[in-house]
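The values are calculated or read from the model by the stated rules, or taken from the named source; none is laboratory data. What you see is a predicted model, and the numbers here were worked out from it, not measured in a lab. Cβ: placed from backbone, ideal geometry, glycine included. Neighbour counts: every protein chain shown.
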Amino acid sequence: ETGVTQTPRHLVMGMTNKKSLKCEQHLGHNAMYWYKQSAKKPLELMFVYNFKEQTENNSVPSRFSPECPNSSHLFLHLHTLQPEDSALYLCASSQATGGNNSPLHFGNGTRLTVT
Amino acid sequence: EDQVTQSPEALRLQEGESSSLNCSYTVSGLRGLFWYRQDPGKGPEFLFTLYSAGEEKEKERLKATLTKKESFLHITAPKPEDSATYLCAVPWSGNQFYFGTGTSLTVIP
């Protein structure tokens, strides 16, 4: 398998549920990201991991909890979400560089609906 | 304050009708401008990176150009399969990128 794989593709959950999103990259990259994509809005960066260390957390509510056990796997743990959290959640990876940025490679996302 | 602005928001073209999409940015010290294509139900797919004013990149019917304030994605003789949302992004700090809201392109046969 190549590229960035996300599971599940679709998820419907109630506000009291706990679920996890999974991402795996097969590109040998050392940076991984979670983005949120909502209609009519720019992609919103949630978390960044470089070499398994979290380097960015853009004021994301604590009901979203990331986990990066190694440079190929990334999880997003969800609990007590709100309906406004319904969105497409995208995982991405890239080579972490100090100079010019390298492009992001995205998975196909998890479409999350919170009821 | 918007860092990346894309226009138009939506564009409908007849097959073969060439046009351009715009991405303007206000980030100083540009460390690259990235173009992506996103099909419905899929994640964005990387197309091009441009690093300096005057640079051009081409891929099939697409050509991206860069000035000091904006980038254009020119689509020559588009086909229905070029229909997608096109996103641009610029890095601003560490691994963070500013993304535009995209241009939704529809090419009518």
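Between B:LEU105, B:LEU13, the distinction of being more than 11 Å from chain A (Cβ to nearest Cβ) and in contact with a helix residue (DSSP H, G or I) (Cβ under 7 Å, 6 or more places away or on another chain) belongs to B:LEU105 only.
Of the strands (runs of 3 or more DSSP E) that lie entirely inside chain A, those containing 1 or more residues that are under 20 Å from B:THR49 (Cβ atoms) and aromatic (Phe, Trp, Tyr) span A:31-37. Somewhere in region B:22-34, is a residue closer than 30 Å to A:HIS10 by Cβ, within 11 Å of chain A (Cβ to nearest Cβ) and within 16 Å of the chain's Cα centre (by Cα)? Yes, region B:22-34 has at least one match. Restricting attention to region B:41-70 and to residues that are surrounded by 17 or more Cβ atoms within 10 Å (Cβ to Cβ) and among the aliphatic types (A, V, I, L, M), the residue that is nearest to the other protein chains (Cβ to nearest Cβ) turns out to be B:LEU47. Pairs are defined by a Cβ separation below 9 Å, a sequence spacing of at least 6 or placement on different chains, a first member in region B:32-46 that is closer than 19 Å to A:GLU44 by Cβ, and a second member that is buried (at least 21 other Cβ atoms within 10 Å of the Cβ) and among the β-branched types (Val, Ile, Thr); the pairs so defined are B:PHE34/B:VAL90; B:GLY43/A:VAL4.
Please verify whether region A:42-57 includes one or more residues that are at the interface with another protein chain (Cβ under 10 Å from one of its Cβ atoms), buried (at least 18 other Cβ atoms within 10 Å of the Cβ) and in contact (Cβ under 8 Å) with a residue 60 or more places away in the chain. No: region A:42-57 contains no residue that is at the interface with another protein chain (Cβ under 10 Å from one of its Cβ atoms), buried (at least 18 other Cβ atoms within 10 Å of the Cβ) and in contact (Cβ under 8 Å) with a residue 60 or more places away in the chain.
Close Cβ contacts (under 6 Å, 6 or more residues apart or on different chains) running from residues in region A:58-82 that are among the β-branched types (Val, Ile, Thr) to residues that are assigned to a strand (DSSP E or B) comprise A:VAL60/A:MET46. Quick check on region B:30-40: of everything there that is modelled with pLDDT under 95 and farther than 15 Å from B:ALA64 by Cβ, which residue is surrounded by the most Cβ atoms within 10 Å (Cβ to Cβ)? Per the criteria, the residue is B:ARG31.
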